[in-house]
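FYI, it's all coordinate maths here, none of it is from the lab. Keep in mind it's a predicted model, so treat the numbers as computed, not measured. Heads up, the Cβs are rebuilt from the backbone with ideal geometry, glycines too, and the neighbour counts pull from every protein chain shown.
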Amino acid sequence: MKSAKMCYNSTMARKIGLITLIMFFAVGIAGGALFVITYYTSESYLTLNGAEEMTVGLYGLYEDPGVDAVLHGKDAAKKVRVEGKVNTNVPGKYTLDYHAGNFTVQRTVTVLSRMVPELKLTGGPVRMKLGDEYSEPGYTAADEDGTDLTSAVKVTPLDQKRAGRQTLVYTVSDSKGNTTKLTRKVTITPNTEYETSGLPICMFHYVYDENDIPAKVNGNYISKEDLAEELAFLKLEHFYFPTWKEVRDYVDGKLLLPDKSIVLTFDDGAYSFLDNGIPVLEQYRTPATSFVITSNKGRKKVRKYQSRYVTYESHSHDMHKSGGKIGHGGIFTAITPEEGLADLEKSIRIVGSSDAFAYPFGDINENARAIVERAGFLCAVTTQPGRAKPGDDPLLLPRQRMSRNQSLEVFKNMVMPYEPTTFDQNSGDGSDQGAGADSTQTTGADEQPSAEGFDKGSE
């Protein structure tokens, strides 16, 4: 056995700790002296797992067997320090030194100048646009005896739904357990020109119980029974509910969404939605965004109505009021940039997010959009009708208006995917209640703040 502190070119370094004799006296029942002798053994060693000398082919997959380490009788695998690396992309000899305590063992790894097995890729890096189908340039593989292994080559999957740089990994193994690995760079560039039926962003407002209908009900209301029916349909059809970050990437041409994708939004943060709408969302486990007018008890609402299915976003702090001359006369289009930015920043602090913003009354101009951009929102939605599509301005996204007493068939027509070349957005049963509606219609919250918007409801 080796007891030196440094031990090279050996598969094992071992040292046996000294046997310590401890003797002490203890007084027994009879008052006599009782001698007790206790032996302690402490063993320490560092041993290579696998061969001391190993060989791997060029571009081979080297898996280090590691070492077995014990210090003072305890497992010390986590205390092992390794010096040296093996680069299978460059032929040559590599030395690995393993250290634990006062011990060192060494392994030599030789990287050959040939591949074992041999793997060849046809062509080089690939560049493609988002939405295009990837076409594999090809590859071949064979073992040292010339046996074709092409069918045994494994290729990592390519995420064709997201723009960016990716690396495809090709691996093949022979019957002796040798593995060769090669890579191919694939760049998917953003694309906003492919055909799609678009992403419906649904605009709801207030939710009521059919057994307790409010005194004043307009087209911005929906019964919780109708809402439940629509959510049940979305679940049945396996709709996908993207985040606002995914919505931004989608319109920027950086992400493909499933054809059946949808965003649900509820404007104003009214108690009717909080009390009646959230339970329905939770029942069907459906995510939605509540755009809150934060000056109207916003902090209290956000804190009290926390739900894993509701994201709170800004509908401004105190700009959901008259004072402008554009559209429905909201003040946001007439306010100074400094005042508007201060308002939005305050609302962001209250809701705790700047992922999305809903323009008060849907009124927009260059000044309002510039303030929203300065505030750092990822997305902003208007009341303009239509579906969001790649290439749209992410801060001027259209929405589908949801109206009271619209049939389930109307809802389906507004949210289901369609063939872009054949779909008439203004055709079909009742579609004028949604995507085809005039954005300047003067109903409910999009005209002036209603009593509902100012929380005449429950606490």
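Brief remarks follow.
- Dipole magnitude for the stretch 149-264: computed about the Cα centre from +1 point charges on Lys and Arg Cβ and -1 point charges on Asp and Glu Cβ, it is near 1220 debye.
- Cross-link reach is defined here as a Cα-Cα straight distance under 13 Å, omitting same-chain residues fewer than 8 places apart; for LYS85 the aspartates and glutamates meeting it are GLU63, ASP64, ASP97.
- Theoretical gain in end-to-end length, LYS412 to THR147 [0.36 nm per residue, Cα-Cα removed]: 89.7 nm
- The modelled label-to-label distance for the pair GLU225/SER175, using points 7 Å beyond Cα in the direction of Cβ, is 7.3 nm.
- Counting only Cβ charges, +1 for Lys and Arg and -1 for Asp and Glu, the dipole size of the stretch 119-189 around its Cα centre is about 560 debye.
- Most positive-pole-ward Cα, PRO125, THR156, THR187, against dipole of the stretch 119-189 from beta carbon charges: THR187
- Using the Cβ-Cβ distance between LYS245 and LYS346 with R0 set to 22 Å, the FRET efficiency works out to roughly 0.45.
- Gyration tensor (alpha-carbon) shape descriptor, the stretch 119-189, a/c threshold 1.5: prolate
- If R0 equals 51 Å, the separation of the Cβ atoms of ARG299 and LEU236 corresponds to a calculated FRET efficiency of about 0.85.
- Paramagnetic label zone (point 7 Å from Cα along Cα-to-C-beta, ARG308; backbone N under 13 Å) in the stretch 255-288: 282-287
- Net length gained if the chain between LEU112 and THR187 were fully extended (0.36 nm per residue, minus Cα distance): 23.9 nm
- Extension gain, GLU366 to ALA77: 0.36 nm times the residue separation minus the Cα-Cα distance gives 97.7 nm.
- As a rough guide to protection, the peptides 261-270, 164-173, 323-332 ranked by mean Cβ packing within 10 Å, highest first, stand as 261-270, 323-332, 164-173.
- Three-way shape call for the stretch 201-446 based on the alpha-carbon gyration tensor, with the a/c threshold at 1.5: rounded
- Label point of GLU195 set 7 angstrom out along Cα-Cβ; within the stretch 379-395, amide nitrogens under 19 Å from it belong to 387-392.
- Bridgeable aspartates and glutamates around LYS301 (alpha carbons under 15 Å apart, same-chain partners fewer than 8 residues away excluded): ASP267, ASP268, ASP275, GLU313, GLU452, ASP455, GLU459.
- Remark: the stretch 201-446 carries a charge dipole of roughly 840 debye about the Cα centre, counting +1 on each Lys and Arg Cβ and -1 on each Asp and Glu Cβ.
- Label point 7 Å beyond Cα of LYS154 along Cβ direction - residues of the stretch 107-122 with amide nitrogen under 16 Å: 117
- Rg/Rh ratio calculated on Cα atoms of the stretch 195-275 (Kirkwood radius): 1.05
- Between the beta carbons of TYR134 and SER322, assuming R0 = 51 Å, the FRET efficiency works out to 0.40 to the nearest 0.05.
- Proximal lysines relative to LYS129, as straight alpha-carbon distance under 23 Å, when same-chain residues fewer than 8 apart are discounted: LYS161, LYS185, LYS245, LYS254, LYS260, LYS389
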